[in-house]
């Protein structure tokens with residue numbers, strides 16, 4: 001099992017990360033979603049990617065896990081619901097700059113980038129603003145930020161608006177209840193594994209303090225707005241993956257992303273929801289490897 005390591009960025013932020021696989025392997029950067037930390041990537045997927053020759057790097061976004069908690073007031077529930085970020089809120093582009101700084105720290109010139117949900121948005125921003133850093137992009141159940149595209153179901157929004165958990169047991173129960181709501185019957189989740197993960201992420205994320213970080217990350221998404229124009233500038237080979245039963249990010253988000261990025265390949269997986277369930281992990285590893293390892297070799301390290 002790899003251990004947490006830390007990168008101090010010139011901005012003053014500290015990024016927690018883990019790296020595994022062959023140190024001389026093809027660099028692959030994994031970017032987690034809203035409120036998630038580096039432990040959110042399933043172990044079978046990590047092993048599958050490392051076994052395919054990747055040097056797998058994953059990290060905690062700012063305001064998640066053991067990375068820096070930003071010293072700023074989080075937006076309240078009403079602001080989140082009406083998409084009115086606070087003045088001065090950081091943006092997805094700032095989070096992409098954190099990822100670029102981590103690659104610089106690791107001496108990685110270019111990496112294949114894989115992001116899920118908000119992590120897909122950050123990956124898109126990284127490919128648009130730091131194109132020389134991105135060898136290929138895989139965007140998983142993500143969207144463009146355009147209004148009316150990729151929106152959560154009303155029932156999902158109502159669940160997201162509920163009071164944040166105050167204890168570990170309450171958080172675990174909320175996590176499992178959300179999975180019951182969004183998970184796919186075709187690709188069920190492993191309840192024991194999810195229960196154990198939720199307890200771990202509560203501790204890594206600072207317990208009750210994690211709610212403020214999630215709110216600030218929502219503010220970043222909303223402050224960035226519609227990124228369709230930026231997506232049209234992406235030159236990296238791109239794969240867009242989405243499930244057809246996603247209640248968190250409607251499948252229209254994946255379709256719009258693939259339409260916006262020139263030459264992007266779009267794969268919609270039947271029965272896949274907004275969750276990296278055991279039943280889809282092997283397919284995801286194959287698709288990521290197919291896209292990333294198919295890119296012509298260029299120098300990967302400084």
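The values are calculated or read from the model by the stated rules, or taken from the named source; none is laboratory data. No experiment lies behind these values; they were computed from the predicted model shown. Reconstructed Cβ throughout: ideal geometry from the backbone, glycine too, with neighbour counts over all protein chains shown.
Name the residues in the stretch 4-23 that are in contact with a strand residue (DSSP E or B) (Cβ under 7 Å, 6 or more places away or on another chain), without any contact (Cβ under 8 Å) to a residue 60 or more places away in the chain and not in a strand (DSSP E or B), would you?
21, 22, 23
Test of understanding: among 87, 10, which residue is more than 17 Å from residue 122 (Cα to Cα) and out of contact with any helix residue (DSSP H, G or I) (no Cβ under 8 Å at 6 or more places or on another chain)? Before the answer, list the steps.
Details: 10 fails: out of contact with any helix residue (DSSP H, G or I) (no Cβ under 8 Å at 6 or more places or on another chain).
Result: 87 is the single residue among 87, 10 that is more than 17 Å from residue 122 (Cα to Cα) and out of contact with any helix residue (DSSP H, G or I) (no Cβ under 8 Å at 6 or more places or on another chain).
Consider residue 208 against the criteria (1) under 18 Å from residue 118 (Cβ atoms); (2) surrounded by 14 or more Cβ atoms within 10 Å (Cβ to Cβ); (3) at pLDDT below 95: it satisfies all of them except one. Which criterion is unmet?
Exception for residue 208: condition (1).
Within the stretch 119-160, can you find the residues that are touching a helix residue (DSSP H, G or I) at 6+ places or on another chain (Cβ under 6 Å), assigned to a loop (DSSP other than H, G, I, E, B) and more than 16 Å from residue 92 (Cα to Cα)?
Passing the criteria: 149, 150.
Which one of these does residue 213 not meet: (1) in contact (Cβ under 8 Å) with a residue 12 or more places away in the chain; (2) closer than 24 Å to residue 57 by Cα; (3) surrounded by fewer than 16 Cβ atoms within 10 Å (Cβ to Cβ)?
The one condition residue 213 does not meet is (3).
Before we move on, is residue 48 in a helix (DSSP H, G or I) and touching a residue at least 40 places away in the same chain (Cβ under 8 Å)? Reasoning before the result, please.
Values: in a helix (DSSP H, G or I): yes; touching a residue at least 40 places away in the same chain (Cβ under 8 Å): yes.
Spelling it out, residue 48 is indeed in a helix (DSSP H, G or I) and touching a residue at least 40 places away in the same chain (Cβ under 8 Å).
Is it the case that some residue within the stretch 263-271 is touching a helix residue (DSSP H, G or I) at 6+ places or on another chain (Cβ under 8 Å), more than 22 Å from residue 60 (Cα to Cα), in contact (Cβ under 8 Å) with a residue 60 or more places away in the chain and buried (at least 17 other Cβ atoms within 10 Å of the Cβ)?
no
Go through the stretch 38-60 and count every residue that is out of contact with any strand residue (DSSP E or B) (no Cβ under 7 Å at 6 or more places or on another chain) and surrounded by 24 or more Cβ atoms within 10 Å (Cβ to Cβ).
Adding up the residues that qualify gives 0.
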